[in-house]
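Before any comments, here is the structure.
The values are calculated or read from the model by the stated rules, or taken from the named source; none is laboratory data. Because the structure is a prediction, the values reported are computed rather than measured. Backbone-built Cβ (ideal geometry, glycine too); neighbour counts: all protein chains shown.
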Amino acid sequence: MQFIISYKNLLIFYKYYNIVFMDEHTKEKLRSVGAVAVLVIAILTIFFIFSYQREKKDMSMKLRLFFSDMTQTLQFSMNSNGAPGEWGWRAGHKNYNLIMNNIASNLRLSQNCLDSTGACFIDEEYKNFKGRSTGVNLSSLPSIILQNGIAIAMNAVSACKRDGQTCAFLYVDLNGKEKPNVFGKDLFVFMIVNSSATAFIPYNMSLNINTLINDEKFGCNKNSKIPMYCSAVLYTKNWSIDSKYPW
């Protein structure tokens, strides 16, 4: 069979010769370079995993502290002004004075947006775990930013006269306008209810854990349309994020 000598064939032969017949010193150098590359990749992988786990741990700790601080804040107001149902909530209204007198005045603020729009929250819709829009835009709600960077938007939903009735929803963004702006990652939902005992609770925490996790619309799962139940799920797990959490 005739062998045609060409530049391409010579190049292939040259590469083959260098791989097969190179001296041991050169091979050792290549093995060393390969070992270093593997080590660098391993270090970067470990660093990425550590940073990822650290981010989740910091988030859960910040949420735990916020819940504790807000519980104490509302208790302080209740000691002075009675249960939330006595504060004068008006559904569909901004309730600026009520929020300022009973909540914001007892917190350390860096920005007060109770009578402004788009100043404390991003003027865009929050996303779910799959990165899809939830249709929830909080920029028009009365809101505040705490000195630790947490942004809180408040939406009054009833006059809150009956015992246990919901007065308002609180949307809590742990890092304000910064990304990811995703329900269950940096945005969590709570409720103020008319109770003289426990007035501040995670959103719909009275539901069973199976519903809180698996509900198709609001459940804390990757396929949920608007995962609003994540605060209640974390509350039942003492604010710890386990391997089943859909982050």
(message) Need the failing condition index for E178 against (1) surrounded by fewer than 22 Cβ atoms within 10 Å (Cβ to Cβ); (2) over 13 Å from the mean Cα position of the chain (by Cα); (3) farther than 14 Å from K56 by Cβ; (4) of a type outside the set (A, V, I, L, M, F, W, C), just the number.
(response) (2)
(request) Run down S206, S240, S224 and say which single residue is of a type outside the set (F, W, Y) and closer than 30 Å to N79 by Cβ. (result) S206
(request) Can you run down the residue pairs with Cβ atoms below 9 Å, 6 or more apart or on separate chains, where the first is in segment 119-143 and outside any loop (DSSP other than H, G, I, E, B) and the partner is surrounded by fewer than 19 Cβ atoms within 10 Å (Cβ to Cβ) and small (G, A, S)? (result) K127/S133; S143/S116; S143/A119
(message) What's the number of the only condition in (1) crowded, with 16+ Cβ neighbours inside 10 Å; (2) not in a helix (DSSP H, G or I) that F66 fails to meet?
(response) (2)
(request) Could you figure out which of (1) within 14 Å of K177 (Cα to Cα); (2) touching a strand residue (DSSP E or B) at 6+ places or on another chain (Cβ under 9 Å); (3) acidic (D, E) isn't true of D123? (result) (2)
(message) Looking at the structure I just gave you, is G118 under 23 Å from the mean Cα position of the chain (by Cα) and either at pLDDT 95 or above or among the aliphatic types (A, V, I, L, M) (or both)?
(response) no
(request) Could you grab me the full set of residues in segment 171-195 that are in contact (Cβ under 8 Å) with a residue 60 or more places away in the chain and either part of a strand (DSSP E or B) or of a type in the set (A, V, I, L, M) (or both)? (result) V172, L174, L187, F188, F190, I192, V193
(request) Filter segment 190-209 for residues that are under 23 Å from K127 (Cβ atoms) and in contact with a Leu (Cβ under 6 Å, 6 or more places away or on another chain) and give the result. (result) F190
(request) For segment 89-117, name all the residues that are among the aromatic types (F, W, Y) and assigned to a loop (DSSP other than H, G, I, E, B). (result) W89
(request) Would you be able to tell me the number of residues in segment 210-247 that are farther than 20 Å from Y126 by Cβ and part of a loop (DSSP other than H, G, I, E, B)? (result) 7
(request) May I ask you to list the residues in segment 144-170 that are in a loop (DSSP other than H, G, I, E, B) and either surrounded by 22 or more Cβ atoms within 10 Å (Cβ to Cβ) or not aliphatic (A, V, I, L, M) (or both)? (result) Q147, N148, G149, I150, S158, C160, K161, R162, D163, G164, Q165
(request) For segment 196-209, indicate whether the set of residues that are in a helix (DSSP H, G or I), closer than 25 Å to L65 by Cβ, out of contact with any strand residue (DSSP E or B) (no Cβ under 8 Å at 6 or more places or on another chain) and at pLDDT 95 or above is non-empty. (result) yes
(message) Please determine whether any residue of segment 131-139 is at pLDDT 95 or above, more than 19 Å from A104 (Cα to Cα) and out of contact with any Asp or Glu (no Cβ under 9 Å at 6 or more places or on another chain).
(response) yes
(message) Name the single residue that is surrounded by the most Cβ atoms within 10 Å (Cβ to Cβ) among those in segment 184-210 being in contact with a Gly (Cβ under 7 Å, 6 or more places away or on another chain) and not hydrophobic (A, V, I, L, M, F, W, C).
(response) N194
